[in-house]
Amino acid sequence: MFYGADYYPEHWPEERWETDAHLMKEAGINVVRLAEFAWAKLEPDEGLYDFSWLDKAISILARHGIKVILGTPTAAPPKWLIDKHPEILPVDNDGYVKGFGSRRHYCYNNPVYRQYTKKIVTAMAEHYKSNSNVICWHIDNEFGCHDTTVCYCDNCLEEFRKWLKERYGNINKLNQSWGTVFWSQIYKDWDSVIVPRKAVTSHNPSLLLDYKRFSSDSVVKYQKLQIDILREVTPDKKITHNFMGLFNQIDYYQLAKDLDFISWDNYPINHFSDKSDQIAANIALSHDVMRGVKKKNFWVMEQQSGPTGWEEMGRQLKPGEMRLWVYQSIAHGADAIVYFRWRACTFGTEEYWHGILDHDGVPRRRYHEVKQIGQELQKIGPLIEGSEIKAEVAIIRSFDNEWAFEIQPHKRGFKYMEQIKKYYKYFYSRNIPVDIISPEDDLSGYKLVLAPGLIMVNEKITDNIKNYVRGGGTFLTTWRAGAKRWDNRMNDQSLLGPLKDLLGIDIEEYSIIPDDENINIIFGDNEGTANVWFDVISPVTAEVLGEYKSDYLAGKAVITVNKYGMGNAYYVGTIPSDGIIKELLDKVTEKCNVSVTEIKGDEGIEIFRRIKGADEFYFVLNFNRKPSTIIIDKPMMDILTGKYINGEITLEPFGIKVLSNK
């Protein structure tokens, strides 16, 4: 198992590098990421390459048994390049050029920048193609970070028109699909099509959705430019990129396709963090989203190792907390842990973003915790190598649908991902593993598939879902399902569109729910509330499971199930309160026989399983700040202690167990 740190030798005197490598080896570190922001050091002037300092750093690390992930430095174009070609800089939706002075200051579609990208990537690939210490390429850094997915420059306008022409074929088809007859927006030819810079009021929602799709595709295309070079010059080295969890500006399913594996950057406790008590569940969801983009295990390329911060700082990690987050990462499918960063920098924007070592480079508590984890992973790594997560439940995440709700959230403040979190929270609280998948993925291996917020469907997605249910699967979707076509315009059919026969209902009427209005619903013995939205459902072939209790809605259906082929399709016409969701999913998971873990634990204890053949490994994580209890009903091996345990076991705050069924 790879265990490492992001290292920036260019930030420190060369005489320190040997000390760093020695401390890394002592901590069990066997891999580092290098050079992803070092373009100005690698190419101090155009065509003048200097790899000597990087060669020396790699050589020192190699003497200590440490391999290298080498970053292409394209996330930070150097000043000399911007001075020569200021047209590389991106343009915001007001039409203003974003200036030099931070990072990610480039347009993906700029032809000049693409040429310079080819040059630096080719030079690095040629130089390191025979270096066995370089095991992997890391492309760029956090594509889209700082709202840099979308640019509105003239290069993007030209490329957008080409993209649309390829998609629609002729301008009349585009006009019809977008409905440009509305507000006299009809385009006479491709040269008259615009990019959606700031206008007097809202743009056409179909234009906005296509621009999000185009912008995402531009990132994918730019990444592939680099991948193609690296594959040709260094075919023996793997290629990855560091994704950002729940980030939604790029279609991660598409971005992942050309990579050997994906990585992501995991900062559970940072200065941007969700301050709710759901941080552990949200990070678990992020891991599962990352595992789902390629349906395979992943790396964590930036694992939090200290307080974070730029102008403001996050809090210190408490003793044992870093270890807890590391083990959660591994439990959910991480095959490598790489900390950000090795040492806190004494200058620049991130000087308050701490690493394993503080600014003075002296090993302290966090270093010793990293060292402890390194020693533990030497025991665990060989056992879990090749293991995977096997989930019986999947939740569909559709970037297109997320973008559609971002463009038109229906109710102020509503976010597509918040509804997914609500349903995910149920499975997380019961320690039921979940895959987060694309709507086009094969569904046949799952007992239950949920698709909250599936407002747009196309023929391929519709057929995929219907075939799954027809064959015996259980499917659950929610309000607005099928209400729109794939081009983000409303269906002219009755609501639910092509999903109507699957769900067996009609929608009589619908509305947002104002914040000052309470609507009660009842499901079984549980009474709760409807939130954000309500559908008034008229069953056709479906069975009513839940009803409204308020006002003129009283007695009207809100939750239904329809028999379709050999399977069942559930519809939830609102966002119910947590108690209703729990009772509903209790019923659904029992009916489709979803497995639950044999280990029982107090609330706040996460239990997650990795499987390798007949071997099962249970990661038991106490996110409570108090001692908590688990109950094991058969003897299991505690891998860290080498002892068998059984019965009632107490875990200390932030405590962990890694258990084996053998």
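No lab work stands behind these numbers, since they all come straight from the coordinates. The shown structure was predicted, so the numbers you read here are calculated from the model rather than taken from an experiment. For neighbour counting, all protein chains shown are included, and Cβ atoms are generated from backbone atoms with ideal geometry for every residue, glycine included.
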Taking a straight Cα-to-Cα line shorter than 20 Å from Lys198, and setting aside same-chain lysines fewer than 8 residues away, one finds Lys98, Lys212
For the stretch 318-327, in residue order, the Karplus 3J(HN,Hα) values (coefficients 6.51, -1.76, 1.60; θ = phi - 60°; whole Hz; Gly and Pro = x) are 6, x, x, 6, 4, 4, 4, 5, 4, 5
Restricting to aspartates and glutamates and to Cα separations under 17 Å from Lys634, and discarding same-chain partners fewer than 8 apart, the set is Glu598, Asp615, Glu616, Glu648
Rounded to the nearest 500, the 222 nm mean residue ellipticity computed for the chain from DSSP H runs (n ≥ 4, each -39500 (n - 2.57)) alone is -10000 deg cm²/dmol
Subtracting the Cα-Cα distance of Lys56 and Glu590 from 0.36 nm times their residue separation yields 186.3 nm
If Phe182, Phe654, Phe475, Phe100 are placed from fewest to most neighbouring beta carbons inside 10 Å, the sequence is Phe182, Phe100, Phe654, Phe475
Among beta bridges assigned by DSSP with both residues in the stretch 393-591, the antiparallel ones amount in percent, to the nearest 5, to 65 percent
Computed over the chain, the relative contact order (Cα-Cα under 8 Å, seq sep at least six) in percent reads 10 percent
Going fewest to most other Cβ atoms within 10 Å around each Cβ, Glu15, Glu527, Glu648, Glu606 line up as Glu15, Glu648, Glu527, Glu606
One can check that the equivalent ellipsoid of the chain, built from the alpha-carbon gyration tensor with semi-axes equal to the square roots of five times its eigenvalues, has lengths in Å, largest first, of 42, 36, 20
Footprinting proxy, Arg104, Arg16, Arg397: sorted fewest to most Cβ within 10 Å, the residues are Arg16, Arg104, Arg397
Checked the stretch 393-591 with the C-alpha gyration tensor, a ≥ b ≥ c its square-rooted eigenvalues, rounded below a/c of 1.5, otherwise prolate if a/b is larger than b/c and oblate if not; verdict rounded
Flagged as over-length at 29 Å C-alpha distance, from Lys67/Lys662; Lys41/Lys162; Lys295/Lys425; Lys129/Lys379; Lys296/Lys422; Lys296/Lys411, the pairs are Lys67/Lys662; Lys41/Lys162; Lys129/Lys379; Lys296/Lys411
Rounded to one decimal in nm, the spacing of the 7 Å Cα→Cβ label points at Lys188 and Glu385 is 6.8 nm
Taking a straight Cα-to-Cα line shorter than 15 Å from Lys257, and setting aside same-chain aspartates and glutamates fewer than 8 residues away, one finds Asp217, Asp228, Glu440, Asp441
